[in-house]
Amino acid sequence: MSSQALYRKWRPRQWSEVVAQDTVVTTLRNAIRSGRVGHAYLLSGPRGTGKTTTARLLAKALNCTDPDLANRPCDQCANCQAITAGRFLDLIEIDAASNTSVDDVRALREKINFSPSQGRYKVYIIDEVHMLSTAAFNALLKTLEEPPAHAIFILATTELQKIPATVLSRVQQYEFRRIPLEAIRLHLRKKAEEEGIAVDDEALTLIARQATGAMRDAIGMLDQLSSGGKRVTLLDAQQVLGTAPNAAILHLVDALVAQDAGSGLAQIQAALDAGSDSRQVARQVVDYLHNVLLVKMGNAALTDATPEQRAGMTRQAQGFTSSTLVEAIRLFNAAATDTRSAWHPGLGLELALAECLAPKVEREPQRDSQSAAQPVAQSAAQREPQRETPRSQSSQTPAQTAVPQPADQPTAQPVAQANAPANPPTATATPPAKSAPPENAATSESNTATATGTTGKLITSKEIQQNWPRVRQITKKQNAYVEALLNSCRVRLVEGENTLILGFNTTMLKSKMDAEASLETVRQALQAIFGVKFIVRTAILQGKGAQPADIDPDGMVSNMLDLGGRIIHEE
């Protein structure tokens, strides 16, 4: 075995050896064949896809002495051999990451006017060109636009968006793509046979998948695995690369389909105990669920799975909806990039699993006997758009007259009251006589709770703040998941209605609290402490330190309440 790294030993020496970049190679070969060579090129794309290799091939082709232009580079002439060996004086490679200053570019400009020593062209390859400073780019512009006839620039970058537009307009751009998995696997098989490396096909497939489209990464992994001199098996590849066995991923997805949290956690723990890296496992789950989603959407041919694997994916796809699959992929993808839980390596995976299974917990009925006995007509009314009935038509029972407003009064009413003429800190407003505008779209219709059973006792914001820890403690005993949601909200009480607004920063958290079981758990905890049946709503917060937008869009009501004011409802 050679001491030289395989990715350097196997670097392509001719155009035909470049893998899966046919568009770029064809265009450059045609330019060489026709003699229409540009003065500056920009090669962009992900790492390990062949940018620097292509730049060197272009430099060889420009200085090749083969009389047939279509055959350049020939890799046989003296110039080609010198470039391959790294001793060609007219090929200057610059690492922009370590030569970022304007002085480095000025030094380049001073030397560029010297004629080539060996070849026809003096070629400058500037790698990771996006690392140049703004001043360095500005110093390079004029030279890049009008270099000497014997100078050609080839720029390479992995972050095209960082290149100034003034540079982009002066170069020919070529974009490199990630190399397909099958192309990487076939190339590794061919090179392994040439090198005499014994490796299983399953191991090559795993290496190609873990390389995520980068040929250099794939060759580096194979080099690492083959350093022991023995046959490389799938088990060896899994242990070295920190991946979980395919069976563990299948069982984990089966647990998601069956909504079995215990089995899913057991599979995660078993994979971690076997030495798998948590982020690698998360990537494997994302890759597998992506294939399941393709099967679900009728594009099974786009997957890189075997017929047997596709059959299993088809069975699992029937247990998911498209929306739940998309959500699961998003959650596990976040776990794959999460670096904040190093003290608990499996925490990201476990949280992703818990969030995937959380909707089932929310759908479980958690109603007390009182809520279960509510009339069916009332449930149907809650599904209709809420409208205010004239006060003259509302019932006048003593229990209801003690409450200033009906329970279905829109939450937007305090805004109108706050805008009415008033002397702070007390705000006085009169409810509209006919009908109020429809409820703000940010508040879900399902959040409206009836005021049936509400006593005449009115709770203040101060009482809510003082007893809020007790509310969360009781909620945690009933449903720890709901208590966790309460930890992420801001609370605002609309006094005079005993309406509690739970404000969340994201729509996702708000939608999870919108579940009737979650709202009922909070209402029961409030009633257990205050002896009052509350109305509980949810809303979206707007901006840092904002109050729920549905009841206080301009912040006026919040300011008055913070100064000690209260809302009074006049008859």
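The values are calculated or read from the model by the stated rules, or taken from the named source; none is laboratory data. On a predicted model such as this, the values are computed, not experimentally measured, just so you know. A quick note on method: Cβ atoms are made from the backbone with ideal geometry, for glycine too, and the neighbour counts reach across all protein chains shown. The accessibility values were calculated without ligands, DNA or RNA, using every heavy atom of the protein model including side chains. Shrake-Rupley method; radii C 1.70, N 1.55, O 1.52, S 1.80 Å.
Applying the set (1) over 30 Å from GLY35 (Cβ atoms); (2) at pLDDT 90 or above to MET131 leaves exactly one unmet item: (2). Filtering the range 50-77 to residues that are open to solvent by 40 Å² or more (accessible area, probe 1.4 Å) and either modelled with pLDDT of 90 or more or not hydrophobic (A, V, I, L, M, F, W, C) (or both) leaves ARG56, THR65, PRO67, ASP68, ASN71, ARG72, GLN76. Among residues of the range 219-260 being open to solvent by 40 Å² or more (accessible area, probe 1.4 Å), more than 27 Å from the chain's Cα centre (by Cα) and small (Gly, Ala, Ser), the one that is farthest from ASP273 (Cα to Cα) is GLY229.
Of the numbered criteria (1) open to solvent by 50 Å² or more (accessible area, probe 1.4 Å); (2) at pLDDT 85 or above; (3) over 22 Å from VAL24 (Cβ atoms), the one GLU159 fails is (3). Scanning the range 478-515 for residues that are of a type in the set (Lys, Arg) and closer than 22 Å to VAL326 by Cβ turns up LYS510, LYS512. Checked against (1) open to solvent by less than 60 Å² (accessible area, probe 1.4 Å); (2) in contact (Cβ under 8 Å) with a residue 24 or more places away in the chain, ARG216 passes all but condition (1).
The set of residues in the range 505-533 being buried (at least 22 other Cβ atoms within 10 Å of the Cβ), modelled with pLDDT under 85 and not charged (D, E, K, R) is empty. Selection over the range 180-204 of residues that are part of a loop (DSSP other than H, G, I, E, B) and either at pLDDT 90 or above or loosely packed, with under 15 Cβ neighbours inside 10 Å (or both) gives a count of 3.
For the range 18-26, the count of residues that are in contact with a His (Cβ under 6 Å, 6 or more places away or on another chain) and on the phi < 0 side of the Ramachandran plot is nonzero. Of all the residues in the range 25-38, those that are outside any helix (DSSP H, G or I), in contact with a helix residue (DSSP H, G or I) (Cβ under 8 Å, 6 or more places away or on another chain) and open to solvent by 60 Å² or more (accessible area, probe 1.4 Å) number 0.
ALA149 meets all of the listed conditions (1) over 23 Å from THR100 (Cβ atoms); (2) surrounded by 15 or more Cβ atoms within 10 Å (Cβ to Cβ); (3) among the hydrophobic types (A, V, I, L, M, F, W, C); (4) at pLDDT below 90 but one, namely (2).
Considering the range 89-104 alone, what residues qualify as being modelled with pLDDT under 85, surrounded by 13 or more Cβ atoms within 10 Å (Cβ to Cβ) and within 21 Å of LEU43 (Cα to Cα)? Within the range 89-104, ALA96, ASN99, THR100 qualify.
For the range 265-288, indicate whether the set of residues that are touching a Lys or Arg at 6+ places or on another chain (Cβ under 8 Å) and either at pLDDT below 85 or under 27 Å from GLY346 (Cβ atoms) (or both) is non-empty. Working first, answer last.
Residues of the range 265-288 touching a Lys or Arg at 6+ places or on another chain (Cβ under 8 Å): 287.
The next check asks that each one be either at pLDDT below 85 or under 27 Å from GLY346 (Cβ atoms) (or both); those that pass are 287.
Looking for residues that are touching a Lys or Arg at 6+ places or on another chain (Cβ under 8 Å) and either at pLDDT below 85 or under 27 Å from GLY346 (Cβ atoms) (or both), one finds at least one in the range 265-288, hence yes.
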